[in-house]
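See below for the structure under consideration.
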Amino acid sequence: MLFRSDAAKTAGTPPAPDAAGIAPSTNPAADLEAALKQAQAQRKSGDFQGAAKTLGQLILFSADDGRVLTEYGKTLVSLGRSDDAISFLERAMQLLPPDWSVYSALGVAYDQKGNYPAARAAYSQALTLKPGEPTVLNNAAMSYMQSGDLESAQRLLQQAAPGTTEFPRISQNMTLVQSLKAAHPAAPAAPAQAQTPAAAPPP
């Protein structure tokens with residue numbers, strides 16, 4: 001039992017850290033927002049492991065928060081953990097309004113597994129939500145390139161061409177497609193393996 005003097009002292013004392021070294025929060029909602037922004041910044045800077053660690057902690061307390069699931073799924077895509085990414089992204093789509101960037105990330109995850117039909121279906125849905133988005137067009141083109149359909153890849157990259165200033169990998173991929181077509185002008189379609197095409201990272 002606390003006496004009045006003890007209570008007064010305790011009132012201004014920050015909560016003690018738990019066993020993991022994390023102090024209990026007096027404003028969980030603000031902490032969630034801050035942690036999400038931190039994880040997104042880590043992912044976009046290329047610190048995928050750091051983002052995954054941050055989000056792994058958030059998942060423990062916010063397993064049904066669609067924003068957390070979305071960001072974790074995008075991070076797992078960047079880490080190449082396609083099976084886990086698909087699970088998180090599909091769950092996020094059940095909790096949030098349709099988001100083109102989630103479908104785009106899902107497409108990349110399916111491409112990583114070599115499931116090109118599922119990837120293209122995801123890209124198609126992303127383009128329905130945001131027509132002409134250069135990153136989606138690029139990633140859809142890479143899906144066709146990986147399966148050997150260079151004509152479709154080139155067509156999509158031409159549609160994405162206005163975004164080459166912001167996304168230089170689009171022009172790089174166009175050069176790759178053209179070189180592959182020049183090297184095999186009459187060959188039947190086959191998976192392109194000479195170089196690795198560059199998919200756009202999840203936004």
Unique match (being over 23 Å from Leu137 (Cβ atoms) and at pLDDT 95 or above) among Ser62, Ser104, Ser87, Ser82:
Ser87
Quick one: how many residues across the range 109-165 are under 19 Å from Arg81 (Cα atoms) and touching a residue at least 40 places away in the same chain (Cβ under 8 Å)?
4
Which of (1) open to solvent by 50 Å² or more (accessible area, probe 1.4 Å); (2) closer than 28 Å to Ala121 by Cα does Phe61 not meet, given it meets every other one?
(2)
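Residues are listed down the side, and each one gets a yes or a no for (1) out of contact with any strand residue (DSSP E or B) (no Cβ under 6 Å at 6 or more places or on another chain); (2) of a type in the set (Val, Ile, Thr); (3) farther than 16 Å from Met93 by Cβ:
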{"residue": "Leu106", "(1), (2), (3)": "yes, no, no"}
{"residue": "Gln125", "(1), (2), (3)": "yes, no, no"}
{"residue": "Pro134", "(1), (2), (3)": "yes, no, yes"}
{"residue": "Ala141", "(1), (2), (3)": "yes, no, yes"}
{"residue": "Gly148", "(1), (2), (3)": "yes, no, yes"}
{"residue": "Ala160", "(1), (2), (3)": "yes, no, yes"}
{"residue": "Ile170", "(1), (2), (3)": "yes, yes, yes"}
Looking for whichever is under 29 Å from Met174 (Cβ atoms), open to solvent by 50 Å² or more (accessible area, probe 1.4 Å), modelled with pLDDT under 95 and basic (Lys, Arg) here; the options are Lys44, Lys130. Which one fits?
Lys44
Within the range 118-129, is even one residue in a helix (DSSP H, G or I) and under 12 Å from the mean Cα position of the chain (by Cα)?
no
Considering only residues of the range 92-101 that are open to solvent by less than 70 Å² (accessible area, probe 1.4 Å) and outside any helix (DSSP H, G or I), which is nearest to Ala63 (Cα to Cα)?
Leu96
If a residue must be under 13 Å from Ala35 (Cα atoms) and open to solvent by 30 Å² or more (accessible area, probe 1.4 Å), how many such residues does the range 47-58 contain?
2
Just a yes or no: is a residue in the range 79-91 in contact with a Leu (Cβ under 6 Å, 6 or more places away or on another chain), basic (Lys, Arg) and either crowded, with 19+ Cβ neighbours inside 10 Å or closer than 26 Å to Gly50 by Cβ (or both)?
yes
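The values are calculated or read from the model by the stated rules, or taken from the named source; none is laboratory data. Note that this is a predicted model, so its numbers are computed, not measured. A quick note on method: Cβ atoms are made from the backbone with ideal geometry, for glycine too, and the neighbour counts reach across all protein chains shown. To get the accessible areas, we keep the full protein, side chains included, count just its heavy atoms, and leave off ligands, DNA and RNA. Shrake-Rupley method; radii C 1.70, N 1.55, O 1.52, S 1.80 Å.
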